[in-house]
Amino acid sequence: MRDGSRRPLAPLVAAFATLFVIVSSAEARRDATGIPTLSLSWRAPTPADGQTYTVAVGSKLAVRFAVGSEGGAARIWASGLPARAVLGTISRRPATALLNWTPSKGQIGTHVFVVVGGSQNGAIATQPRSIFVQVVPATPPGIADERPIGTDGVYRWAYIYTPTAARVRPSMSARVITRLKLYTLDSTVNLVLLVGQKLDGRGRLWYRVRLPILPNSSTGWVRADDLTTTRSVSTYLVIYRKLFTATLYRRGRPVFRTRVGVGKPYWPTPTGDFYIREVLTGYHDPFYGPVSFGTSGRSSILTDWEGGGGVVGIHGTNAPGILPGRVSHGCVRMKNGAVLRLFRLMPLGTPVAIR
């Protein structure tokens, strides 16, 4: 749907329908064939799932991993590593790996990467380990420097108070990246995740915010006066496509985990850094389950939407037998019981990492 005006909930179902596909039972079984069993075990000195590290710009981060290798040699890999981060691995019994990274000034903020160990034949794997790295300035930022938001593990968001422009720099003369409206295409109040703040030359406060546009993970600068009072969350959702897992963390501790369905290879679920932009209930079509979360992620394949890409959602299903697997047009699907649990645990504005 291209209509950006406010609409009742019922038309939302049609909008989300462009993102999903109902597959036959036979097709679902073919997609599920070969999905690894998550039974391989991590060993010391592997950090705990959700471990958070704080590292200053220019300082070196070194993290070691080891995985059990019953039944043969194993290997370790990582997804979402930032630029110049290197994971050196040795495939043996047990398999080991060493992550080395020295972040630069341009990498200040929150980084999430996922590490997995698996057998050489891909039949078994570990539960993914999400590692959170908070990169902070080497020295206290000056009055004209950007101050990161979220490096204390508390993430902040705000509603759009008045229609505004997101710009490439915190200046009214800077180029406009996109314009932010009061409402989303689903008639919910629009909101943005804050990732940094800075004062301009006239002492006005600006926020660097995550934008719900293509390319995914885009950010831009918005005047603080155009946003409401900020809200805070301490949750973070990490979705790992290769092993079809979703894990919710609260202050670095996993509080929810389930296996999911993701996009088919030709309609992939996009990777990137996003946030929960809307929470929708009251569907009359059981296809969507009882709850759907709209994220700031957009599909680069399904582009027949206002803004250039279909919204990536997280929702339930009326066909739990197809999960886990590659079953959708790009959205993330989970069993209805799981999505209801997530609804109770994950508030609006929660950051989302898809790896």
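Every number in this text was worked out from the coordinates using simple rules, so none of it is lab data. This structure is a prediction, so every number in the text was calculated from the model and none was measured. Here the Cβ is made from the backbone with ideal geometry for all residues, glycine too, and neighbour counts use every protein chain on show.
Divide by every residue of the chain the summed helix terms, -39500 (n - 2.57) for each DSSP H run of at least 4, and state the resulting mean residue ellipticity at 222 nm, rounded to the nearest 500 deg cm²/dmol.
On the way: 3 runs with 26 residues, N = 355.
After summing the helix terms and dividing by residue count, I get -2000 deg cm²/dmol.
Quick one: of K198/K242; K181/K264; K105/K198, which pairs are farther than 26 Å apart, Cα to Cα? Provide the component values of the computation, followed by the final result.
Numbers: K198/K242 37 Å; K181/K264 31 Å; K105/K198 15 Å.
Among K198/K242; K181/K264; K105/K198, the Cα-Cα distance tops 26 Å for K198/K242; K181/K264.
Could you tell me whether the range 37-136 comes out rounded, prolate or oblate from its Cα gyration tensor? Rule is a ≥ b ≥ c as square roots of the eigenvalues, rounded for a/c under 1.5, then prolate if a/b exceeds b/c, otherwise oblate. Provide the component values of the computation, followed by the final result.
Working: a/c = 2.49, a/b = 2.19, b/c = 1.14.
Prolate is the answer for the range 37-136, as a/c is 1.5 or above and a/b outweighs b/c.
Within the chain, what is the longest stretch that has no GluC sites (Glu not before Pro) placed in a DSSP loop and near at most 15 other beta-carbon atoms within 10 Å?
Details: sites that count: E70, E306.
It works out to 71-305.
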Next item on the list: Order these peptides, 245-252, 102-109, 293-300, by their mean beta-carbon neighbour count within 10 angstrom, highest first.
Entry: 293-300, 245-252, 102-109
Notebook entry, point to check: So how do 234-242, 193-201 stack up, highest first, on mean other-Cβ count within 10 Å?
Noted result: 234-242, 193-201
Check: Quick one: Cα centre-to-centre distance for the range 263-302 and the range 172-204, in angstrom?
Finding: 22 Å
Margin query: If each residue of separation counts as 0.36 nm, what is the full-extension length gain between L98 and S171 once their alpha-carbon separation is subtracted?
Written below: 22.1 nm
Check: Which entry in [x] 17.6; [y] 22.9; [z] 19.6 is this structure's computed mean projected area of the Cα convex hull in nm²?
Finding: [x]
Next item on the list: Please find, in a Gaussian network model of the chain (springs between Cα atoms separated by less than 10 Å), the residue of V189, V312, V135 whose mean-square fluctuation is greatest.
Entry: V189
Check: Size of the dipole of the range 37-136 about the Cα centre, Lys and Arg at +1 and Asp and Glu at -1 on the beta carbon, nothing else charged, in debye to 20?
Finding: 260 debye
Note to self: With +1 assigned to the C-beta of every Lys and Arg and -1 to the C-beta of every Asp and Glu, and no other charges, what is the dipole magnitude of the chain about the Cα centre in debye, to the nearest 20?
What the structure shows: 600 debye
Next item on the list: Run the quick spin-label model on V154 and V189: label points 7 Å from Cα toward the beta carbon, then report their separation in nm to one decimal.
Entry: 2.1 nm
Checklist line | Using a Förster distance of 51 Å, the FRET efficiency for S39-K105 (Cβ separation, nearest 0.05) | finding: 0.75
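Rounded to the nearest 0.05, what FRET efficiency do L182 and S217 have when you use their Cβ-Cβ distance and R0 = 22 Å?
Working: r = 24 Å, r/R0 = 1.07.
The value I calculate is 0.40.
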Item checked: Distance between the range 107-169 and the range 73-89 - C-alpha centres, whole angstrom -> 18 Å
Item checked: Of all DSSP beta bridges in the chain, antiparallel share, percent nearest 5 -> 85 percent
Item checked: Bins of 10 Å, starting at 0 and running to the largest distance - Cα pair percent for the range 223-288 -> 15, 36, 34, 15, 1
